There are 2 protein chains.
Amino acid sequence: MARTKTDMHEALMAAAKATVQARGYNALSFRELAKEVGIKSASVHYHFPTKGDLGAALARRYTEDGATYLAELLATSKDAAWCMDRYTEIFRSALANDNRMCLCGIMSAEFDDLPIEVRTEVDKFAETNVGWITRVLARAKPAASEQQLQEHAMAIFAAIEGAQLVARGCQDIAIYDGTIRAYRSTGLIP
Amino acid sequence: MARTKTDMHEALMAAAKATVQARGYNALSFRELAKEVGIKSASVHYHFPTKGDLGAALARRYTEDGATYLAELLATSKDAAWCMDRYTEIFRSALANDNRMCLCGIMSAEFDDLPIEVRTEVDKFAETNVGWITRVLARAKPAASEQQLQEHAMAIFAAIEGAQLVARGCQDIAIYDGTIRAYRSTGLIP
DNA sequence: CTTTAACTGTCTATCGATAGATAGATAACG
DNA sequence: CGTTATCTATCTATCGATAGACAGTTAAAG
């Protein structure tokens, strides 16, 4: 065997992630994916029985990896502004990398076509991100109530996803930069 | 003949619009569309030779209708806050109507799969909206420079699109409401 | 140590469904 | 009659998914 199961699993996940971030869940095809990693489409079904399984695994991994990175940030610095700068940089780098989008953001747009198991994972991504932003905000605004913090965090998350979406649609990363700058100057983002 | 060309044109546009707002451009199919309006898929090609033609017509109409409504708003009241309230209400009503999205927002997510003629129209939608918000902001902040106003307007547009996207992904319109409220309380939206 | 058995990963071939698109016939309107 | 709108029928391409075969690997049995 050329590759172990784990290796192929990873290769498939990586290729699938790139495709979804660039063209969405609907554009993800077993045939194209197979060609990219050098096997046949039937073999992809060996690793991921259904497309829903692949999509859910993809979103779950994406959320986990993100959560890991965010936890590191939170442990590195106590400064809310510094954390948020790093956070907005994550979404910026997706755009800088072939005009890609947040995997869960693009899946949210395709919501109605997602299998239930994928929807669940997409929801968890939003939850995880809002939870992290809430903890960052708690440092900057210790006086605020938990509910206020969560609403603010959700607003920040949505605003950043929107900045990415619009900048992508205009194929102009400067739009993302300008928008984030405006978020900061109004005080939406610390 | 049961209907005139214009009637059928309108019926097709309306059905297509609903589908795209609910499931995106990729989910738009001539067969389904034909079934919905009671003709055969080949007949749809008579009205719109290619899918790109239909998509572009759809986005153009969407932008035009929106621009017309926005112009009325601007003529009705000089109050920026009132105008922006009406504006956010537009995006809210899409969500309230079967969890739909802004047609151009959802198309931005599918950007890579769009024919060039559709991309052009999607760009114009953003341009039109940002232009309108800029004029509204000019009333509230007459001292600001044109460039500052435009950046602020783009940020508002992106933030609202993002609020819609995230609320849709979570299937919870309350998230939209809370997010808009947060935008207002931080001063991002007048 | 060898033989047998099960497992793993990939293959070929194929299924039914659906996609967008086209050609040519048909029916109705003016 | 000629134009307009829609039809039937069909094409090629692609989709996700499945069945069955086969080679290489591992592990247990004798």
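So is residue B:110 within 13 Å of DNA strand C (Cβ to nearest atom), of a type in the set (Asp, Glu) and touching a residue at least 24 places away in the same chain (Cβ under 8 Å) or not? It would help to see each step written out before you state the result.
Values: within 13 Å of DNA strand C (Cβ to nearest atom): yes; of a type in the set (Asp, Glu): yes; touching a residue at least 24 places away in the same chain (Cβ under 8 Å): yes.
It is true that residue B:110 is within 13 Å of DNA strand C (Cβ to nearest atom), of a type in the set (Asp, Glu) and touching a residue at least 24 places away in the same chain (Cβ under 8 Å).
Kindly check whether there is at least one residue in the stretch B:24-38 that is within 14 Å of chain A (Cβ to nearest Cβ) and either on the phi > 0 side of the Ramachandran plot or more than 16 Å from DNA strand D (Cβ to nearest atom) (or both).
Quick first cut of the stretch B:24-38, residues within 14 Å of chain A (Cβ to nearest Cβ) only: B:24-29, B:32.
Those left that are additionally either on the phi > 0 side of the Ramachandran plot or more than 16 Å from DNA strand D (Cβ to nearest atom) (or both): B:24.
Looking through the stretch B:24-38, at least one residue is within 14 Å of chain A (Cβ to nearest Cβ) and either on the phi > 0 side of the Ramachandran plot or more than 16 Å from DNA strand D (Cβ to nearest atom) (or both).
Taking the criterion of being closer than 20 Å to residue A:18 by Cβ and either within 15 Å of DNA strand D (Cβ to nearest atom) or under 16 Å from the mean Cα position of the chain (by Cα) (or both), would at least one residue in the stretch A:67-85 satisfy it?
To start, the set of residues in the stretch A:67-85 that are closer than 20 Å to residue A:18 by Cβ comprises A:68-69.
Filter again for either within 15 Å of DNA strand D (Cβ to nearest atom) or under 16 Å from the mean Cα position of the chain (by Cα) (or both), leaving A:68-69.
Within the stretch A:67-85, one or more residues are closer than 20 Å to residue A:18 by Cβ and either within 15 Å of DNA strand D (Cβ to nearest atom) or under 16 Å from the mean Cα position of the chain (by Cα) (or both).
Going by the conditions given, is residue A:6 polar (S, T, N, Q) and closer than 19 Å to residue A:115 by Cα? Full working, then the answer.
Working: polar (S, T, N, Q): yes; closer than 19 Å to residue A:115 by Cα: no.
Answer is no for this residue.
Which of the following residues is away from DNA strand C (no atom under 11 Å from the Cβ), under 16 Å from the mean Cα position of the chain (by Cα) and not β-branched (Val, Ile, Thr): B:11, B:57? Steps first, please.
Values: B:11 fails: under 16 Å from the mean Cα position of the chain (by Cα).
Result of the check over B:11, B:57: B:57.
Readers should treat all values here as calculations from the given coordinates under stated rules, not as data from a laboratory. Remember, predicted model here, so these are calculated numbers, not experimental data. Note that each Cβ is placed from the backbone with ideal geometry, even for glycine, and that neighbours are counted across all protein chains shown.
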